[in-house]
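J.: Take a look at the following structure, please.
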Amino acid sequence: MADSPSSLTLSRVRLGAGGPLVRVRVADGRITHVVAEPDAGAEMDGGRQLDLDGRVLLPGLWDAHVHLAEWASARHRLDLAGTSSARAVADLVRERAGTADGSVLYGYGFRDGLWPDAPHKALLDAVLPDRPVALVSADLHAAWLNSACLALVGKGDHPTGLIREHEAHEVLSALPAAPADVVDGWIEEACRAAAARGVTGVIDFQFGDTVVDWERRSAQFRPAVRVSAAVYPSRLDAAIKRGLRTGDEVGAAGSLIQVGPLKLFTDGSLNTRTALCRDPYPGLEGTDGAHGIEETAPDELVRLMRHAAAHGIEPAVHAIGDRANTVALDAFETVRCRGRIEHAQLLSPQDLPRFAQLGVTAGVQPRHATDDRDVADRHWAGRTERAFAYGDLLAAGARLEFGSDAPVSPLDPWLAIASAVSRTDDERPAWHPEQRLTVPDALVAAARGRRLIRVGDPADLVVVDVDPLDADPDTLRAMPVHATMTNGRWTHGTY
């Protein structure tokens, strides 16, 4: 990774997927010229010339929903993805336990929605009774702890060790954490890895005081991506007191850190059966929580959104179930502010046009549609034609922005693009193929709405070796990224 000179001309590069050969000049972090390659009268004197040999130049990609510290940490934890039962997880813990030195053994990525058995502290106690074990679910909405770990956080009397939603977040926050400098190093590394996949920016929804954390990091290193740092309700008044508004630059000069949106919750998640739905979950009829949970009462949601919007902070509202999405859209209609709905996984037909009518961005994660298709078929049976309904949202005029929700799925925009285009990640046929997007539309959603590379735009660019229009889904997933530039600086590549 190296800085670019003040002026750089990219020659013999194709302008977008399927685009013509052009030359693009970059100076002082912006695009200053875009001219047709055969135009001999448009010489660009001065600065460095770089021949890209017919490769494709795309607008820089964003991951519009990540938890960066969680993702960076998960890359260093016991990987539970793909485990098919609670017993299989316990066996994996036994194999990877190491020495019983008293430190917490962290794992990440289990999905219990389809398991034949239930997570229970006794299973973990049987394989590792003396060392604390804390396992985080793939959707970040549950934690599975053994008895030693429950005692460590004052939950020794918990009946099962499987803790969900806010209580899970509180428990995980109470556990010993890696030193801040260690986590910051992991985050710097994760940002470089993201740039290697063409990422030029992220919205970081990490729990905690995300703005302050990034202000600290910006004094230590310059991240390889732009960062929009979310605000949580517990820090809202402090942000308002500082005069912070969504989009404001913070941190060290040139660090490209901005204040992001206010993160609010209406419900839980699909895998934990806590997403708030109009219809009950099969098998839970007549029980408490049969329809999921309401995380924030509608009146309180409106109050928080109105308070934030009055001070220039845009809300981003987590809503997964169809009832939760209606509540969130109703709140936007009442407050009349700009903002986002995160996930929008199950939608009522009458709510589809409201995104465009209210100017609300749908921040969606296409990899979830393919990862969770079996869970959705079981727990949203008979309703999945309106689950992860990206085609219908786009047809209704909604603005889509892709993310990964990393570590829920990997921080790699090409996985999202491939999932949106194919609606399958394995040998099975496409799941609800009517909701597929075209490659051009998926690229726009992955670039936060940038369809074209234009003069005056920030020089956030990605160079790929294969034209996405010529790529099958497997090639899209593994897209060879030749180089990435953020704000005129190479963040990936050898230039």
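J.: For the stretch 69-197, what is the Kirkwood hydrodynamic radius in Å, using each pair of distinct C-alpha atoms?
T.: About 15.0 Å, per the Kirkwood formula over Cα pairs.
J.: Further question on the same structure: Take R338, R367 and sort them by solvent-accessible surface of the protein heavy atoms, 1.4 Å probe, largest at the top.
T.: Output order, biggest surface exposure first: R338, R367.
J.: Note down the Stokes-Einstein diffusion coefficient of the chain in µm²/s, whole number, using a Kirkwood radius over alpha carbon pairs, 20 °C, and 1.002 mPa s.
T.: 91 µm²/s
J.: By average Cβ neighbour count within 10 Å, what is the ranking of 427-437, 125-135 from highest down?
T.: Ranking, from highest mean packing down: 125-135, 427-437.
J.: With +1 assigned to the C-beta of every Lys and Arg and -1 to the C-beta of every Asp and Glu, and no other charges, what is the dipole magnitude of the stretch 102-215 about the Cα centre in debye, to the nearest 20?
T.: About 400 debye.
J.: Next up: Taking 0.36 nm per intervening residue step and subtracting the Cα-Cα distance, what contour gain separates R12 from D288 on full extension?
T.: 93.1 nm
J.: What is the calculated FRET efficiency for D51 to V104, with r their C-beta to C-beta distance and R₀ = 60 Å, to the nearest 0.05?
T.: My answer for the efficiency is 0.70.
J.: Now a separate question. Quick one: pull the percent of accessible area on the chain belonging to carbon and sulfur, 1.4 Å probe, ligands and nucleic acids left out.
T.: Heavy-atom surface of the chain belonging to carbon and sulfur, 1.4 Å probe: 50 percent.
J.: Tell me the Kirkwood radius of the stretch 155-283: reciprocal of the mean inverse pair distance over distinct alpha-carbon atoms, in Å.
T.: It works out to 17.0 Å.
J.: Hey, another quick one. I'd like the FRET efficiency for V455 and R338, computed as 1/(1 + (r/R0)^6) with the beta carbon distance as r and R0 of 25 Å, rounded to 0.05.
T.: Efficiency computed from Cβ-Cβ geometry: 0.40.
J.: Classify the stretch 329-464 from the C-alpha gyration tensor, please: rounded if a/c falls under 1.5, else prolate or oblate depending on whether a/b exceeds b/c.
T.: The shape class here is oblate.
J.: Once the convex hull of the alpha carbons of the stretch 108-160 is built, what does its volume come to per residue, in cubic angstrom?
T.: Residue-normalised Cα hull volume stands at 81 Å³.
J.: While we're looking at this one, here's another question. Using a ≥ b ≥ c from the Cα gyration tensor of the stretch 193-263 (square roots of the eigenvalues), is it rounded, prolate or oblate, where a/c under 1.5 gives rounded and otherwise the larger of a/b and b/c decides, a/b for prolate?
T.: Prolate.
J.: Check the straight Cα-Cα distances from K263 and name the lysines below 27 Å, setting aside those fewer than 8 residues away within the same chain.
T.: K241
J.: Among C277, A138, A389, whose Cα lies farthest out toward the positive end of the dipole of the chain, if unit charges sit on the beta carbon of Lys, Arg (+1) and Asp, Glu (-1)?
T.: A389
J.: Follow-up question, since we're still on this one. Expressed in nm², what is the orientationally averaged projection area of the convex hull enclosing the Cα positions of the stretch 281-363?
T.: Seen from a random direction, the Cα hull of the stretch 281-363 projects 5.6 nm² on average.
J.: Taking a ≥ b ≥ c as the square roots of the eigenvalues of the Cα gyration tensor of the stretch 237-330, is the shape rounded (a/c under 1.5), prolate (a/b larger than b/c) or oblate?
T.: It comes out prolate by the Cα gyration axes.
J.: Shifting gears a bit: Going 7 Å from the Cα of R30 along its beta-carbon direction, which residues of the stretch 456-480 have the amide nitrogen within less than 17 Å of the resulting point?
T.: The answer is 456-461.
J.: Which lysines, if any, have their Cα less than 18 Å from the Cα of K155, not counting same-chain residues under 8 positions apart?
T.: K121
J.: Fully extended, how many nm does the chain gain between K241 and S348 (0.36 nm per residue separation, minus their Cα-Cα distance)?
T.: The K241-S348 span can extend by a further 34.7 nm.
J.: Could you give the accessible area per residue of the stretch 88-223, probe 1.4 Å, as a whole number in Å²?
T.: It amounts to 39 Å² per residue over the stretch 88-223.
J.: What full-extension length gain, to one decimal in nm, is calculated for A118 and T438 as 0.36 nm per residue of separation minus the Cα-Cα distance?
T.: Stretched out fully, the A118 to T438 stretch lengthens by 111.2 nm.
J.: Students sometimes get this wrong: rank Y108, Y390, Y495 by accessible area, probe 1.4 Å, all chains present, largest first.
T.: My answer, sorted largest first, is Y495, Y108, Y390.
J.: Below 9 angstrom from the Cβ of R477, what's the summed charge of the other residues (Lys, Arg +1; Asp, Glu -1)?
T.: Residues near R477 contribute -3 overall.
The values are calculated or read from the model by the stated rules, or taken from the named source; none is laboratory data. The model shown is predicted, which means the values in this text are computed figures rather than measured ones. Ideal geometry is used to build each Cβ from the backbone, glycine not excepted, and the neighbour counts take in all protein chains shown. Only protein heavy atoms, including side chains, enter the accessible area calculation; ligands, DNA and RNA are left aside. Shrake-Rupley method; radii C 1.70, N 1.55, O 1.52, S 1.80 Å.
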